[in-house]
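Quick notes on the structure that follows.
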Amino acid sequence: MNPLLSDRINNMSTSATLAMAAKARELRNQGKDIIGLSLGEPDFNTPDFIKDAAIQAIHDNYNSYSPVDGYADLKEAIITKFKRDNRLTYTPNQIVVSTGAKQSLANIAAVMLNQGDEVILPCPYWVSYSDIVKLNDGVPVEVPTTIATNFKMTPQQLEAAITPKTKMLWFSSPCNPSGSVYSKEELQALAEVLKKHDNIFVVSDEIYEHINYTTDGHCSMAEIDGMYDRTITVNGVSKAFAMTGWRIGYIGAPEWIARACNKMQGQITSGANCIAQRAVITALNEAPSRVQYMIDEFKERRNLVLDLLSNIEGFKTNVPDGAFYVFPNISYYFGKTLRGKTIKNADDFSLYLLEEALVATVSGDAFGNPDCLRISYAASQDEIKEALKRIKDVVS
Ligand SMILES: Cc1ncc(COP(=O)(O)O)c(C=O)c1O
């Protein structure tokens, strides 16, 4: 706390995933052989056909400010993608391109929330949701879920969380950190509840859309009957195309919301990086099958992690259907002493694994679920095997 700084920043928590990455880096710099299973980014290179498009854009002298909401031909590529992959029809005025889906989310909160507006967050949720909401004077309303429902919120839970102050529901499917995927039927059931109430809007964060191992594939909330006009679909290229550092995200939204996001972004950052935008046109115009090799590899790793975890005492897991995380309940260890260290909670356990096994994970606390631990399998199969062997050794 620094009294010279604003309450806004003093009250904000530091991103737990970034904090864990910084700690792991510090230990690595001290010469420790840390295996990182904490990061939320693919360990693949950006595909060459996308890199080539960026290089071409540089040669073509794309060096000026782009329109605030993105190049017209990028918005066309996004519209085509929404139609092709999600059966959603948008017009250019409904699309806003931003500096990562994170900025898309920050824009939405800034234009939609007033003091005291409540935002329902099924737990576990992506770390930044809660702080983005609070930063914009909103009130996060956490709805706890457990392995028993595959970490998915039930319609009854949603109904019980709604109050006269409810403004929005924010969720990700596939979910970071649980890997849960809502089926069409499950989304329909949630939509039935929402439709009973006027003016509750949904942020459907679909950034892991393509990393989906179900046979039914991805379903968007905006596809569900009656939901299009109250859903903001958030997506981006970070995860499916291994482009985290390129920083491009986008929304498809009712036009009045998209216009407001455009206005907000115009005063904060202007248009996203122009070279990255050009490259994303190429990425989105390709069929998703072009990057299927990454999804296939992630699926193999998921199975490997589940298999290895099933042989470690005290790790209770569900079967995640998407994204690249496993979210085991490790509360079995709370109150136990391992190698002289008492484990009180998931923070202690994650730190213990870092210090004793030299494996970086993230405590579930940061995701609104203090009984769990997030293990990212965006690492090679050899690293995963070694990491889980080390974990097994230090908890035995
Ligand atoms: C669920 C979810 N939404 C949004 C983001 C932000 O993505 P971007 O890299 O496009 O800002 C992430 C990144 O980890 C995420 O996991």
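Residues of segment 104-144 that are within 16 Å of the ligand (Cβ to nearest atom), touching a Ser or Thr at 6+ places or on another chain (Cβ under 7 Å) and open to solvent by 20 Å² or more (accessible area, probe 1.4 Å): W126, D131, P140.
Any chance you could count how many residues in segment 120-141 are of a type in the set (V, I, T) and either at pLDDT below 95 or in a helix (DSSP H, G or I) (or both)? Count: 3. Report whether or not V96 is under 11 Å from N262 (Cβ atoms) and either assigned to a helix (DSSP H, G or I) or in contact with a Lys or Arg (Cβ under 7 Å, 6 or more places away or on another chain) (or both). The answer is no for V96. Residues in segment 196-204 include none that are of a type in the set (G, A, S), open to solvent by less than 40 Å² (accessible area, probe 1.4 Å), within 16 Å of the ligand (Cβ to nearest atom) and closer than 22 Å to S289 by Cα. Pairs meeting the criteria (first residue in segment 115-141 and closer than 16 Å to L158 by Cβ, second residue among the basic types (K, R) and away from the ligand (no atom under 15 Å from the Cβ), beta carbons under 7 Å, at least 6 apart or on different chains) are E118/K165; E118/K167; V119/K167; P140/K134. One residue stands out among those in segment 1-46 that are part of a loop (DSSP other than H, G, I, E, B) and aliphatic (A, V, I, L, M): the one that is nearest to the chain's Cα centre (by Cα), which is L39.
Name the residue, out of V234, V280, V319, that is assigned to a strand (DSSP E or B) and under 30 Å from M168 (Cα atoms).
V234
Of all residues in segment 155-172, those satisfying the criterion of being surrounded by 16 or more Cβ atoms within 10 Å (Cβ to Cβ), farther than 16 Å from V111 by Cα and more than 20 Å from the chain's Cα centre (by Cα) are Q157, L158, A161, I162. Could you look through segment 58-86, keep only residues that are in contact (Cβ under 8 Å) with a residue 40 or more places away in the chain and farther than 18 Å from N285 by Cβ, and pick out the one that is surrounded by the most Cβ atoms within 10 Å (Cβ to Cβ)? It comes out as D69.
Taken together, the residues in segment 170-187 that are assigned to a loop (DSSP other than H, G, I, E, B), away from the ligand (no atom under 16 Å from the Cβ) and under 24 Å from D117 (Cα atoms) amount to 0. When residues in segment 21-46 are screened for being more than 30 Å from K299 (Cβ to Cβ) and open to solvent by 70 Å² or more (accessible area, probe 1.4 Å), 4 of them pass.
Just to be sure, is V193 assigned to a strand (DSSP E or B), at pLDDT 95 or above and buried (at least 18 other Cβ atoms within 10 Å of the Cβ)? No, not satisfied.
Just one of the listed residues (D216, D296) is under 22 Å from the mean Cα position of the chain (by Cα), farther than 24 Å from G100 by Cβ, away from the ligand (no atom under 16 Å from the Cβ) and not in a helix (DSSP H, G or I), namely D216. Among residues of segment 149-166 that are in contact (Cβ under 8 Å) with a residue 12 or more places away in the chain, those with a Cβ under 8 angstrom from a residue that is open to solvent by less than 30 Å² (accessible area, probe 1.4 Å) and in a helix (DSSP H, G or I), sequence gap 6+ or separate chain, pair up as M153/L190; P155/L190; P155/V193; L158/L190; L158/V193; L158/L194; E159/V193; I162/V193. State whether the residues of segment 47-56 include one that is of a type outside the set (S, T, Y), surrounded by fewer than 18 Cβ atoms within 10 Å (Cβ to Cβ), within 16 Å of the ligand (Cβ to nearest atom) and assigned to a helix (DSSP H, G or I). No, there is no match, as no residue in segment 47-56 is of a type outside the set (S, T, Y), surrounded by fewer than 18 Cβ atoms within 10 Å (Cβ to Cβ), within 16 Å of the ligand (Cβ to nearest atom) and assigned to a helix (DSSP H, G or I).
Would you point out which residue out of I343, I375, I295, I384 is of a type in the set (V, I, T) and without any contact (Cβ under 8 Å) to a residue 60 or more places away in the chain?
Going through I343, I375, I295, I384 in turn, just one is of a type in the set (V, I, T) and without any contact (Cβ under 8 Å) to a residue 60 or more places away in the chain: I343.
Of the candidates F349, F327, the single residue that is without any contact (Cβ under 8 Å) to a residue 40 or more places away in the chain and open to solvent by less than 10 Å² (accessible area, probe 1.4 Å) is F349. With the structure loaded, tell me whether N262 is touching a residue at least 60 places away in the same chain (Cβ under 8 Å) and in contact with a helix residue (DSSP H, G or I) (Cβ under 7 Å, 6 or more places away or on another chain) or whether it fails that test. The answer is no for N262.
Of all the residues that make up segment 221-252, how many are under 16 Å from L74 (Cα atoms) and either surrounded by fewer than 18 Cβ atoms within 10 Å (Cβ to Cβ) or more than 14 Å from the ligand (Cβ to nearest atom) (or both)? Number of matching residues: 1.
The values are calculated or read from the model by the stated rules, or taken from the named source; none is laboratory data. Just so we're clear, the structure is a prediction, and the values are computed from it rather than from any experiment. Note: ideal-geometry Cβ built from the backbone for every residue, glycine included; neighbour counts use all protein chains shown. Heavy atoms of the whole protein, side chains included, go into the accessibility calculation; ligands, DNA and RNA do not. Shrake-Rupley method; radii C 1.70, N 1.55, O 1.52, S 1.80 Å.
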